[in-house]
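No lab work stands behind these numbers, since they all come straight from the coordinates. Since this is a predicted model, take the numbers as computed values, not measurements. Here the Cβ positions follow ideal geometry from the backbone for every residue, glycine too, while neighbour counts run over all protein chains shown.
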Amino acid sequence: MFAQALRVLACAVLAALGVSSAQAAPPEVKPRVMVLTDIENEPDDALSLVRFLVYANHYEVEGLAATTSTHLRARVAPERIRRIVSAYGKVRDNLETHERGFPTGDALLARVTAGPSVYGMQGVGAGKDSWTVKPYAQANHPPAPRVAQQTITARPGQRVELSAQGSTDPDGDALSYAWSCYCEAGTLVASSGKSGQPLEITGADQQKAWFTVPTTRVLAPGLGTMHIVLAVTDHGTPRLTRYQRVIVDVRE
């Protein structure tokens with residue numbers, strides 16, 4: 001009873017001062033979360049990530065990292081995280097109608113990362129020491145990938161040119177390139193009968209590559225977006241990879 005009376009008195013004082021209780025409330029401070037997951041070890045990891053994302057408005061998500069574990073020792077699966085986050089992005093706006101504060105799918109995709117594909121102390125030792133103990137000149141640093149265009153408009157059947165010219169490495173290391181279609185994130189659905197891959201990219205391991213917008217083996221109407229991911233890896237020790245994305249908008 002006393003607490004209720006105190007609240008009523010506080011509201012009366014705020015009203016007299018011309019300040020609403022909503023204005024007086026401090027801004028919400030969300031817990032900062034960094035997710036580490038050995039996803040692809042068992043289905044429960046994927047299920048847990050889905051559940052986490054439908055409550056993502058309660059957190060400040062700093063990162064989603066694919067890691068190894070005692071059950072998954074030789075590989076990491078960031079691509080699985082990206083597929084789930086892309087699916088989340090398609091329903092995010094509907095989640096927002098029920099409760100505010102959900103991060104966008106693109107914002108979360110930018111926070112997906114991966115640890116080394118080795119387990120435990122195998123990831124420690126010569127050539128694997130972190131930046132915390134090495135001077136700059138003795139450590140490897142990630143490359144800086146660049147794409148000529150981040151968005152491209154194309155027609156069905158048109159040849160699309162891709163270029164990573166201008167990509168650099170701060171240590172002067174040689175670079176390797178890998179272009180791939182991250183088709184789950186797009187709205188144009190296609191597959192190749194020759195390779196089983198959703199899109200054949202010529203020169204996929206070169207600085208410059210190209211592909212033809214498919215007109216067969218596509219779901220009607222054969223229009224929509226295609227997400228092309230560029231992975232640039234340096235030849236330092238250990239090798240480091242960074243990514244860029246090109247979104248191709250296929251229209252008539």
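Mind giving me the FRET efficiency for residue 111 and residue 216? R0 is 30 Å, r the Cβ-Cβ distance, nearest 0.05 is fine. The value I calculate is 0.25.
Checking every one of the GluC sites (Glu not before Pro) in segment 57-136 against DSSP loop status and a limit of 15 other Cβ atoms within 10 Å picks out 99.
Under a model in which nothing but the beta-carbon of Lys, Arg (+1) and Asp, Glu (-1) is charged, segment 138-250 shows a dipole of about 340 debye around its Cα centre. The calculated FRET efficiency for residue 191 paired with residue 247, based on their beta-carbon distance and R0 = 25 Å, is about 0.80. Hull volume per residue, based on the alpha-carbon atoms of segment 129-238 and their convex hull, is 119 Å³.
In order along segment 84-90, phi translates into HN-Hα couplings of 5, 5, 5, 5, 4, x, 6 Hz, rounded to whole numbers, per the Karplus curve 6.51 cos²θ - 1.76 cosθ + 1.60 with θ = phi - 60° and x for Gly and Pro.
Calculate the FRET efficiency for residue 155 and residue 229 from the Cβ-Cβ distance with a Förster distance of 22 Å, rounded to the nearest 0.05. E between residue 155 and residue 229, to the nearest 0.05, is 0.50. Compute the separation of the alpha-carbon centres of segment 61-131 and segment 160-182 and state it in Å as a whole number. One Cα centre to the other: 22 Å. For segment 54-69, the residues whose backbone nitrogen is under 11 Å from a point 7 Å from the Cα of residue 36, taken along Cα to Cβ, are 65-69.
Spin-label model, residue 60 to residue 122: label points 7 Å out along the Cα-to-beta-carbon direction sit 3.6 nm apart.
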